[in-house]
Every structure is written in C-alpha cells, then in structure tokens.
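Participant: The structure is given below, and queries will be raised subsequently.
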Amino acid sequence: METGNIQTGNTASNRLVAVDLGLPSGTLWADRNLGADIPEACGDYFRFGEVVPFVQESDDYHLDKLPKDIAGTEYDAATTILGEGWAIPTKGKIKELRRYCKMELLVNNNIFKGARFTGRNGNSIFLPSTGLKHDFGEMSHMGYGEYWMSNQDIIGQGFGFNFKEFHFGYFYRYTGMQIRPVHANGNGYARITRIE
C-alpha cells in the first residue's frame, strides 16, 4: 500500500497515514477519523465549523455565519489540528471517492460495522459506523456512518452510509459527527513529509 505518514508536530496526529487510492485528483484520504487511535475507531465528534471536539455537556453553538465551503479555513478542524494541506473533504472529493473506489459494506453478526473503499490501485480505507452525537451526549443513528463534508447550504451537509446504501444528507450544524480528513498532495496545498 502506498502511504505516507504526516508530520504535524502533534504526537497523536503523527499516527495518521495518508492513503493513495489512485484518484484522478491525486487527493489522499486519511486512514482513520480525526481523533481516532486506530482506523476502526470512531474518533472525535465535531459540530460543523468547530475546531475542537464536541463537548457533550454543552449545547452552546454560536457559529451562525460561515463560508459556503469551510475546507482549509479557520473553521476546518482537520486543517487546524493536522496542519496545512489537510482539510474536511468537499462534496466533489466525496463524489470522486464514491465514483472511483469500490465500496464494500461490512456487516458482522447482523451489526453494521462500516464501509471499505478500495481504489483501482488496490489501496483501501475503512470508514466505521459512527452514529450521531447530540446535546448532552445523546447518540442516534448507530447503524450509520455519518461524516461532515466542508460544504453547507442553509444547514450543514454530510455524507454517510448504512447497511445498504451510500447517501448525502443535510444535518443540523450543532450535531456531532465524524471528520475523515483528506490531503491535497500538492494540488494547491503543502506536500506530505514522510516520517522514517
């Protein structure tokens, strides 16, 4: 598998690996969710436009005026935590992932575990089923993988999947969801630094 570790200065982030799925844009996808120790873990939940993990004891959300696309901005948790070059994926990058990768929905003992996306070059990433986090820690949609994308309309937009399909959707921006970072691999952003 062709990958590169990313040097960010953040010890936890140094475990993150950028995976080349052979996409036409050259975009690399992280091997795990933002804040996850291993690729199978959920990682941290984020509300749209917030750059720190969702605090379940708080329902205080004040981000009313955000750009239409927060990728690479001060409102992008992936850029803030991982550094230049990393971002929340745009809708275009998600469509590219879906179009050029084979998606396999994984179920074990009738429990949906997540989806594996395999590129034409044989490399793959796994996106776990994560659910949604609401105010005061209430969880829902546990049989779904729900992830933010950087674009928004009147409300935040995300993408996800359940045990039978891939979908795009609209979510309240104060909902806690996962972020799967992408790296532009030199397409307008910083290049990857390998750690030996």
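The values are calculated or read from the model by the stated rules, or taken from the named source; none is laboratory data. Predicted model, so just to flag it, every value in this text is computed and none were measured. Virtual Cβ from ideal backbone geometry, glycine too; neighbours counted across all protein chains shown.
Participant: What number of residues in the stretch 52-79 are at pLDDT 90 or above and exposed (fewer than 15 other Cβ atoms within 10 Å of the Cβ)?
Facilitator: 1
Participant: Suppose the filter is in contact with a Gly (Cβ under 8 Å, 6 or more places away or on another chain), within 22 Å of residue 151 (Cα to Cα) and surrounded by 18 or more Cβ atoms within 10 Å (Cβ to Cβ); does residue 90 pass it?
Facilitator: Here the answer is no, as residue 90 does not meet what is asked.
Participant: Which of the residues spanning the stretch 37-51 are part of a loop (DSSP other than H, G, I, E, B) and buried (at least 22 other Cβ atoms within 10 Å of the Cβ)?
Facilitator: Of everything in the stretch 37-51, those that are part of a loop (DSSP other than H, G, I, E, B) and buried (at least 22 other Cβ atoms within 10 Å of the Cβ) turn out to be 45, 47, 48, 49.
Participant: While we're here: Just checking, how many residues over the stretch 125-147 are more than 19 Å from residue 19 (Cβ to Cβ) and either modelled with pLDDT of 65 or more or in contact with a Pro (Cβ under 8 Å, 6 or more places away or on another chain) (or both)?
Facilitator: Number of matching residues: 8.
Participant: Let me ask another. For the stretch 67-114, enumerate the residues that are assigned to a loop (DSSP other than H, G, I, E, B) and without any contact (Cβ under 8 Å) to a residue 40 or more places away in the chain.
Facilitator: Answer for the stretch 67-114, where residues must be assigned to a loop (DSSP other than H, G, I, E, B) and without any contact (Cβ under 8 Å) to a residue 40 or more places away in the chain: 67, 73, 74, 75, 109, 110.
Participant: Please enumerate the residues belonging to the stretch 158-176 that are surrounded by fewer than 20 Cβ atoms within 10 Å (Cβ to Cβ) and modelled with pLDDT under 70.
Facilitator: The answer is 162, 163, 164.
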